[in-house]
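J.: Sharing a structure here in structure tokens format.
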Amino acid sequence: MEDKYSVESAEALANEALRLPISEAVPIYEQLLATFPTAAKYWKQYVEAHIAVNNDDATKQIFSRCLLNCLQIPLWRCYINFIRKANEKKGLEGQEETRKAFDFMLSYVGSDIASGPVWTEYINFLKSLPAQNPQEESQRMIAVRKVYQKAIVTPTHHVEQHWRDYENFENSVSRALAKGLVSEYQPKYNSARAVYRERKKYVDEIDWNLVAVPPSGSLKEELQWTAWKRFLAFEKENPQRIDSVSANKRISFTYEQCLMYLYHYPDIWFDYATWHAKSGSIDSAIKVYQRSLKALPDCAMLRYAYAELEESRGAIQAAKKVYESLLGDDANATALSHIQFIRFLRRTEGVEAARKHFMDARKSPNCTYHVYVAYATMAFCMDKDAKIAHNVFEAGLKRYMHEPGYILEYADFLSRLNDDRNIRALFERALSSLPPEESIEVWKRFSQFEQTYGDLVSMLKVEQRRKEALARTGENGASLALENSLQDVVSRYSFMDLWPCSSKELDHLSRQDWLSSNGNKKVEKSSLVNADKNPGGQILSNVSSKVIYPDTSRMVVYDPTKQKPGVSISTPVLPSISTTLLSSSVLATGGVPSVPLVIPKPLPPALSAFIASLPPVVEGPVPDVDYVLSICLQSNLPIMEQPASIDVNKFKPRDRQHGKRKDADRQDEDDSNTLVQSQVQAPKDAFKIRQMRKSRVGGAQSGSAVSYATGSVQTGSASYGSGFSGEHSGSFG
């Protein structure tokens, strides 16, 4: 089924209507505007189609339908252009009609931030009026001055241009008078300009081309709702500090504009009506509610809010009509509407009126047990008549014995009466008829009741019966459900928010309860790849078949910095590694694989390639790695002698940096060259090598110091060679 609020379909209809003659386009426009009654662009298109064929009567009728609900400047400018064209040949009478139309227009949309051109057009119209004598000229100047003074204090896009035009106008009339008037209105203009700059920030967040559709929860709709809420809050603060009448008028205008786009949002209607009521304008609030019910006829919230407003101001009959509209033809009336109407009648007309409607509501096809509970509670709490309340509950029990909610409400009522005998009888009757899966809450309430009213024997008896009844609904069988647990003790000996254990102990009990209820669930047997036999060839029979162990060869730590674009991070599948780890873990734990304590990390590429080249399966016993390493460490391995001559340059890494190298690198290179060229056997100990280098460096530095002390004067810069060989090279200037 096509959505009637589809914006794409609406645009298609509007474009189709443009190509048709007006007689054929009228049904399309009417259908379109019935769905989108606040779409100003469709109204403007509709009225322009009539203006094009000079159908003035239809044009006026359309304007009367849309202008007050669509406060948009383009539509209103279309209206004023039509009025001016219709009155341009009527002389003074036509000029007066046009002036009244301008005043009417500015009274509704004059505070719009985009109304600047309308103010300018009105001023130019007044200036163009003919003046036959000085008196008429003076009246015209006064009229122009009043419009200017209104325009310069209205925060619009053209407020600065209006101020400049106003200064020029006053100076052209009288320079002496202009100075006083300009200085008087300068602060007001400055305030309007400052408010305009703040106002523009909120206006720019609003999409003025949207069409009002029911909320769908999209991000764009939520952003627009937020933007309008912020704009309304800004206007309610009265930033320009104008009088309350003007401020309320501006706020009302903003609400009306908001409803053009959020027409199907009940909260906007409610806020608008509530604002009117708080401002003291109850009649305006009622009109808003009446409009909202036409816009959203299926919204029960607005109807209840409207009825509440009428009742609060003493209009009982008006409120009753609203409640009756909620009931409708009684066939579609909900249980909630019956309940609220019974309460309304009890408040306004008395006990008999409420009882009469309750008797009628019982016959409604949509009556539920809630109606019985509501009327019985009202009779007990408001009328103080426990007998009637008891009779109502008993009457409802015949129809709603299968409803756990009704049983619990009836039990609460009997608890207020302290009637423990009837409470037990009620629970027994209900539990005998309710299926086990629907009786969980009833059993819980029965146990709580026995903890309050019963003795230890009755408490334990009900607990056992509860377990037996609910064991058939559990997945773990009756044996687990029938077991006694410490949770039962906690349940019996806790009171409100007081517990016989600490929060840590309670958390521990909860975990143990969960483990006991989930530990016996059947799981698939875990497959142990290449590790299902021990070194002796016996099958590992004690490996738990109910625990699934991960494949450690595929466990990879995610590292986004090492991931190349388009390549997923993974390590090669290494059967030998997984087999070795699993076999060693099996041996270490006596046949049960141990859970790895550390998540394996990805291997370096070179090591991965090396391990991958190893045989996939190692037959035979698995060696004890620690024992092998200890034997190697205790053995006296022969020390290999260093060859007499080694080409060190062969092993030097290629210097990838073209340019200077560090002095330390050159020092190490010279050390190696000197050791090789002298063919002296270097010590095997690294500590002795470092000591030898330090002694050579110390000798070179001492030689330099002696040279300086003997009077050798060196200028320029010197670069020192290898301290190990004692070479000294420098450049002198």
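J.: Starting from residues that are at pLDDT 90 or above and among the β-branched types (Val, Ile, Thr), keep the ones in the stretch 453-483 and report whichever is farthest from HIS402 (Cα to Cα).
T.: By that ranking, first place goes to VAL457.
Table: residues versus (1) at pLDDT 95 or above; (2) over 38 Å from the mean Cα position of the chain (by Cα); (3) under 18 Å from ARG84 (Cβ atoms); (4) surrounded by fewer than 22 Cβ atoms within 10 Å (Cβ to Cβ).
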{"residue": "ALA39", "(1), (2), (3), (4)": "yes, no, no, no"}
{"residue": "TYR42", "(1), (2), (3), (4)": "yes, no, no, no"}
{"residue": "GLN45", "(1), (2), (3), (4)": "yes, yes, no, yes"}
{"residue": "ASP56", "(1), (2), (3), (4)": "no, yes, yes, yes"}
{"residue": "LEU68", "(1), (2), (3), (4)": "no, no, no, yes"}
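J.: What's the number of the only condition in (1) among the acidic types (Asp, Glu); (2) at pLDDT below 95; (3) surrounded by fewer than 17 Cβ atoms within 10 Å (Cβ to Cβ) that ASP103 fails to meet?
T.: For ASP103, the failing item is (2).
J.: Now a separate question. Look through the stretch 403-423, keep the residues that are in contact with a helix residue (DSSP H, G or I) (Cβ under 8 Å, 6 or more places away or on another chain) and either among the charged types (D, E, K, R) or not in a helix (DSSP H, G or I) (or both), and return whichever of them is farthest from MET359 (Cα to Cα).
T.: Step by step, filter the stretch 403-423, then rank; the result is ASP420.
J.: Let me ask another. Condition (residue is free of Cβ contacts under 8 Å to residues at least 60 places away in the same chain, assigned to a loop (DSSP other than H, G, I, E, B) and aromatic (Phe, Trp, Tyr)) applied to the stretch 394-402: is it met by at least one residue?
T.: Yes: one or more hits.
J.: Only one residue in ARG193, ARG199 is at pLDDT 95 or above, basic (Lys, Arg) and open to solvent by less than 50 Å² (accessible area, probe 1.4 Å), so which one is that?
T.: From the options ARG193, ARG199, the qualifying one is ARG199.
J.: State whether one or more residues within the stretch 85-100 are within 28 Å of ASP207 (Cα to Cα) and surrounded by 13 or more Cβ atoms within 10 Å (Cβ to Cβ).
T.: no
J.: In the stretch 170-187, which residues are outside any loop (DSSP other than H, G, I, E, B) and open to solvent by less than 50 Å² (accessible area, probe 1.4 Å)?
T.: If the condition is that a residue be outside any loop (DSSP other than H, G, I, E, B) and open to solvent by less than 50 Å² (accessible area, probe 1.4 Å), then GLU170, ALA178, GLY180, LEU181, VAL182, TYR185 are the ones that fit.
J.: Can you name the residue in the stretch 388-427 that is more than 19 Å from VAL371 (Cβ to Cβ) and of a type in the set (D, E, K, R) and, of all such residues, is nearest to the chain's Cα centre (by Cα)?
T.: The selected residue is ARG416.
J.: What number of residues within the stretch 1-40 satisfy the criterion of being assigned to a helix (DSSP H, G or I) and either of a type in the set (Val, Ile, Thr) or in contact (Cβ under 8 Å) with a residue 60 or more places away in the chain (or both)?
T.: 7
J.: For the stretch 307-317, which residues satisfy the criterion of being closer than 20 Å to THR334 by Cβ and either open to solvent by less than 20 Å² (accessible area, probe 1.4 Å) or aliphatic (A, V, I, L, M) (or both)?
T.: Residue satisfying the conditions is ALA307 alone.
J.: Out of (1) closer than 27 Å to LEU326 by Cα; (2) of a type in the set (Lys, Arg); (3) surrounded by 14 or more Cβ atoms within 10 Å (Cβ to Cβ), the odd one out for ARG250 is which?
T.: It fails just one condition, (1).
J.: With PRO365, PRO297 as the choices, which residue is under 23 Å from PRO266 (Cα atoms), at pLDDT below 95 and either β-branched (Val, Ile, Thr) or open to solvent by 60 Å² or more (accessible area, probe 1.4 Å) (or both)?
T.: Selected residue: PRO297, the only one of PRO365, PRO297 that is under 23 Å from PRO266 (Cα atoms), at pLDDT below 95 and either β-branched (Val, Ile, Thr) or open to solvent by 60 Å² or more (accessible area, probe 1.4 Å) (or both).
J.: Something else about it: In the stretch 454-474, what residues are over 22 Å from GLU437 (Cβ atoms) and not in a helix (DSSP H, G or I)?
T.: GLY454, ASP455 - these are the residues of the stretch 454-474 that are over 22 Å from GLU437 (Cβ atoms) and not in a helix (DSSP H, G or I).
J.: Here is a further query. Answer yes or no: is there a residue in the stretch 334-343 that is part of a loop (DSSP other than H, G, I, E, B), touching a residue at least 24 places away in the same chain (Cβ under 8 Å) and of a type in the set (Val, Ile, Thr).
T.: Yes, the stretch 334-343 contains at least one residue that is part of a loop (DSSP other than H, G, I, E, B), touching a residue at least 24 places away in the same chain (Cβ under 8 Å) and of a type in the set (Val, Ile, Thr).
J.: Hey, another quick one. What single numbered condition from (1) on the phi < 0 side of the Ramachandran plot; (2) open to solvent by less than 30 Å² (accessible area, probe 1.4 Å) fails to hold for GLY350?
T.: (1)
J.: Now a separate question. Can you tell me which residues in the stretch 428-442 are of a type outside the set (A, V, I, L, M) and surrounded by 21 or more Cβ atoms within 10 Å (Cβ to Cβ)?
T.: Listed by number, the list holds a single entry, SER439.
J.: Considering only the stretch 148-163, I want to know if a residue exists there that is exposed (fewer than 13 other Cβ atoms within 10 Å of the Cβ) and of a type outside the set (D, E, K, R).
T.: No, the conditions are met nowhere in the stretch 148-163.
J.: Condition test on LYS60, is it charged (D, E, K, R) and either within 18 Å of LYS127 (Cα to Cα) or open to solvent by less than 40 Å² (accessible area, probe 1.4 Å) (or both)?
T.: Spelling it out, it is not the case that LYS60 is charged (D, E, K, R) and either within 18 Å of LYS127 (Cα to Cα) or open to solvent by less than 40 Å² (accessible area, probe 1.4 Å) (or both).
Residue-wise test of (1) on the phi > 0 side of the Ramachandran plot; (2) of a type in the set (Phe, Trp, Tyr); (3) open to solvent by 50 Å² or more (accessible area, probe 1.4 Å).
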residue: ALA374; (1), (2), (3): no, no, no
residue: MET378; (1), (2), (3): no, no, no
residue: LYS384; (1), (2), (3): yes, no, yes
residue: GLY405; (1), (2), (3): no, no, no
residue: LEU417; (1), (2), (3): no, no, yes
residue: ALA425; (1), (2), (3): no, no, no
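J.: Where in the stretch 188-300 are the helices (runs of 4 or more DSSP H), entirely inside, with at least 3 residues that are within 20 Å of CYS66 (Cβ to Cβ) and touching a residue at least 12 places away in the same chain (Cβ under 8 Å)?
T.: 244-261, 266-278, 282-295
The values are calculated or read from the model by the stated rules, or taken from the named source; none is laboratory data. On a predicted model such as this, the values are computed, not experimentally measured, just so you know. All Cβ positions, glycine included, derive from the backbone under ideal geometry; neighbour counts span all protein chains shown. The accessibility values were calculated without ligands, DNA or RNA, using every heavy atom of the protein model including side chains. Shrake-Rupley method; radii C 1.70, N 1.55, O 1.52, S 1.80 Å.
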